[in-house]
Amino acid sequence: MTRASVHGTSVPQRLIVVGSGIAGLYAALLAADAGAEVVLLTKGELAESNTYYAQGGISAVLADPAPGDTVAAHIADTLNAGAGHCNTEAVRVLCSEAREDIAGLGRFGVRFDLAHDGGPALGLEAAHSAPRILHAGGDATGAGVANALIRAVLSRSTDGKIQLYGGAHATALRQSHGRVSGVDFSQGGRSLSVSGDAVLLATGGAGQLFAQTTNPAVATADGLALAWRAGAAVSDLEFFQFHPTCLVRTGATTDPEGDQDPLLISEAVRGEGAVLLDTHGLRFMPDYHLDAELAPRDVVSRSIALHLAKLGDPNGHVYLDARLIEAAKGPGFLEKRFPTLSQKTREAGLDWTRDLVPVAPAAHYWMGGVTTDLSGRTSVPGLLAAGEVACTGVQGANRLASNSLLEGLVFGRRAVEAFLSDPLAGASLDAVPPLAVSAASGLPLTLASGTPSNDERKPGFGASKALPTVGEHRFSFAPVSGQSFSRAALRRLMTANAGVLRNGVLLREASETLAGWAAVVRPEMVPLSEDPRVHEDASLLLAAQLLVRAAGERRASLGAHYRSDSVDGAAIHELEETYQMRPKASLVHD
Ligand code: FAD
Ligand code: SIN
């Protein structure tokens with residue numbers, strides 16, 4: 001294998017990138033421009049990704065920030081939102097290297113919206129202490145970024161620098177001599193494979209694990225499953241972020257198989273001044289957090305869930321009042337600042353300059369993933385990961401808004417740099433968080449049914465109280481235990497038992513149901529099928545088992561992982577006892 005030489009240094013020949021979101025596209029471009037041979041596989045069209053749907057923007061403190069803003073403030077905000085669980089070095093890298101990769105995007109043709117003074121227009125979002133969110137096309141940032149990167153990739157594909165495989169579903173990682181050496185994939189019903197010096201997983205997240213999600217259909221945890229089956233360590237899987245404001249389509253039907261059209265109402269709308277009201281028209285967030293609607297999003301999601309429970313309507317919705325923005329900033333502001341959302345809410349039958357928008361929390365972003373070091377190296381030599389599929393620890397227990405596109409850029413670039421310097425290296429992973437597990441560790445995936453709950457373990461806290469019954473915290477689903485496996489049943493189970501509010505009883509029940517399904521599906525093994533959907537189902541089931549186990553093992557609430565049976569869950573015990581959860585079909589369709 002001959003090697004290209006760039007600036008007199010030897011460049012490894014071939015990098016296989018799996019996934020065409022921000023992490024995969026940016027990494028493929030950087031590697032190709034450095035002289036490497038790049039193969040880019042993606043399971044749908046190039047634009048099918050979470051990245052494409054991103055609205056709010058990309059956080060970055062640039063050379064000319066908003067008055068008073070600093071990289072140190074961005075670091076502090078990220079650490080605060082992460083609930084003390086962040087890898088601080090990863091956060092320092094993310095925030096201090098941000099401007100390098102914003103400039104990198106510029107080189108590939110990405111243009112951000114400008115303010116009147118000709119500098120970048122900077123937005124404010126929840127839990128950011130200063131306006132530092134770059135956006136493109138108003139609220140179409142993801143599409144703006146993805147389209148520019150896709151154009152750059154297509155041009156390099158024409159030049160023969162990037163080999164593109166669309167509709168190519170990665171089904172397994174090939175391994176030889178203790179390292180990853182290629183990818184098996186299914187394309188058009190055929191099994192194919194490609195070999196390379198290293199594989200970069202950039203397969204994004206797993207919102208399809210839950211019945212309500214902001215994520216598109218491609219977000220099925222494939223990368224996590226591929227890596228786990230190859231023996232890679234994974235970590236922080238109990239931390240799944242629920243975005244507080246996903247449109248609730250009252251009266252519309254939702255397809256539980258995942259084909260519904262979710263509409264996230266960007267946090268930037270609250271950043272501009274929108275508030276949350278309950279069905280009585282009362283603003284409730286100030287009762288839950290000092291920062292009210294601009295509290296970290298786990299707090300806002302949980303507050304909505306708790307408030308709905310308090311109102312006796314746990315499966316209901318609240319309202320986002322954006323009318324205030326129009327009143328304060330003048331007619332036409334919403335249309336100009338949020339053109340996509342204005343159009344999409346109109347399509348949903350709402351005029352948000354006059355109407356309240358019904359919203360509820362939905363699964364949005366997975367903080368956990370394939371454990372990597374700060375250069376994207378996993379514990380398996382030859383396997384790199386970046387973006388939402390990876391866990392550097394940068395997002396801690398709860399991601400700060402608009403830090404995720406940035407993560408894909410910064411750690412995607414660093415993964416390419418690691419590949420160029422030594423493609424065969426595995427990570428030393430000094431910073432692996434304590435719950436890291438891998439297939440190689442041989443740990444069982446089920447929670448032991450004898451695992452004591454916090455009530456049992458902590459004398460003095462509810463020891464004499466009956467454990468909450470299984471029906472509490474359950475959203476409006478029919479019981480799933482006893483049902484055979486289907487994606488819809490899995491998504492219902494995860495929302496009901498491992499969603500915004502969790503406890504030991506529900507998690508144990510979920511673990512048992514998942515184990516029953518897994519005994520038949522065997523998700524720990526690569527499915528013998530050319531059908532991508534069969535592979536996705538297995539990925540989802542495996543990911544669900546790993547998530548539920550991690551959630552069961554973490555007894556205390558932290559960040560997005562909220563257990564009503566931990567000490568700080570006392571408030572919800574009271575609610576559980578006072579208010580009966582009763583079904584309402586506006587949010588969840590069985
Ligand atoms: P993705 O963009 O999800 O891309 C993953 C790619 O991998 C896709 O192309 C997919 O098809 C491919 N893939 C998956 N499995 C396979 C397989 N088996 N074989 C081949 N290909 C595969 N973050 C922000 O920072 N700011 C925002 O404003 C923001 N808004 C958001 C709004 C919405 C509605 C959503 C859903 C997310 C938002 N996020 C935002 C989060 C952010 O978009 C994602 O975390 C980020 O885009 C992830 O990028 P990625 O490159 O890691 O993965
Ligand atoms: C949003 O626009 O609210 C989403 C931003 C994000 O997920 O970072």
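The values are calculated or read from the model by the stated rules, or taken from the named source; none is laboratory data. Every value quoted in this text rests on a predicted model; they were computed, and no experiment measured them. When we count neighbours, we look across all protein chains shown, and the Cβ atoms used for this are built from the backbone with ideal geometry, even at glycine.
Quick notes on this structure:
- Here segment 167-184 is the region considered, the condition is being within 16 Å of Val380 (Cβ to Cβ) and among the β-branched types (Val, Ile, Thr), and the residue that is surrounded by the most Cβ atoms within 10 Å (Cβ to Cβ) is Val180.
- Taken across segment 144-154, residues that are out of contact with any Phe, Trp or Tyr (no Cβ under 6 Å at 6 or more places or on another chain) and within 16 Å of ligand 2 (Cβ to nearest atom) do occur, with at least one present.
For (1) outside any helix (DSSP H, G or I); (2) closer than 28 Å to Val300 by Cα, each residue gets a yes or a no:
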| residue | (1), (2) |
| --- | --- |
| Arg99 | no, no |
| Ile102 | no, no |
| Leu105 | no, no |
| Arg111 | yes, no |
| Asp117 | yes, no |
| Ser129 | yes, yes |
| Gly138 | yes, yes |
| Val153 | no, no |
| Arg156 | no, no |
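- Test result for Asp373, at pLDDT 95 or above, in contact with a strand residue (DSSP E or B) (Cβ under 8 Å, 6 or more places away or on another chain) and away from ligand 2 (no atom under 16 Å from the Cβ): no
- Odd one out for Asp139 among (1) surrounded by 23 or more Cβ atoms within 10 Å (Cβ to Cβ); (2) out of contact with any Phe, Trp or Tyr (no Cβ under 6 Å at 6 or more places or on another chain); (3) acidic (Asp, Glu): (2)
- When the test is whether a residue is more than 12 Å from ligand 2 (Cβ to nearest atom), part of a strand (DSSP E or B), of a type outside the set (Val, Ile, Thr) and buried (at least 24 other Cβ atoms within 10 Å of the Cβ), Leu384 passes it.
- Candidates Ala217, Ala322, Ala295: the one that is within 15 Å of ligand 2 (Cβ to nearest atom), touching a residue at least 12 places away in the same chain (Cβ under 8 Å) and surrounded by fewer than 24 Cβ atoms within 10 Å (Cβ to Cβ) is Ala295.
- Taken over segment 34-60, the criterion of being of a type in the set (S, T, N, Q) and within 16 Å of ligand 2 (Cβ to nearest atom) is satisfied by Ser49, Asn50, Thr51, Gln55, Ser59.
- Residue ID - surrounded by the fewest Cβ atoms within 10 Å (Cβ to Cβ), chosen from residues in segment 388-397 that are on the phi < 0 side of the Ramachandran plot and more than 11 Å from ligand 2 (Cβ to nearest atom): Ala397
- Arg174 touching a Gly at 6+ places or on another chain (Cβ under 7 Å) and either in a strand (DSSP E or B) or within 16 Å of ligand 2 (Cβ to nearest atom) (or both): yes
- Segment 339-360, residues that are within 12 Å of ligand 2 (Cβ to nearest atom) and at pLDDT 95 or above: Leu341, Val359
- Exclusive hit being assigned to a helix (DSSP H, G or I), surrounded by fewer than 20 Cβ atoms within 10 Å (Cβ to Cβ) and at negative phi, set Thr353, Thr345, Thr340: Thr340
- Matching residues, segment 127-139, being closer than 20 Å to Phe333 by Cα and within 11 Å of ligand 2 (Cβ to nearest atom): Ile133, His135, Asp139
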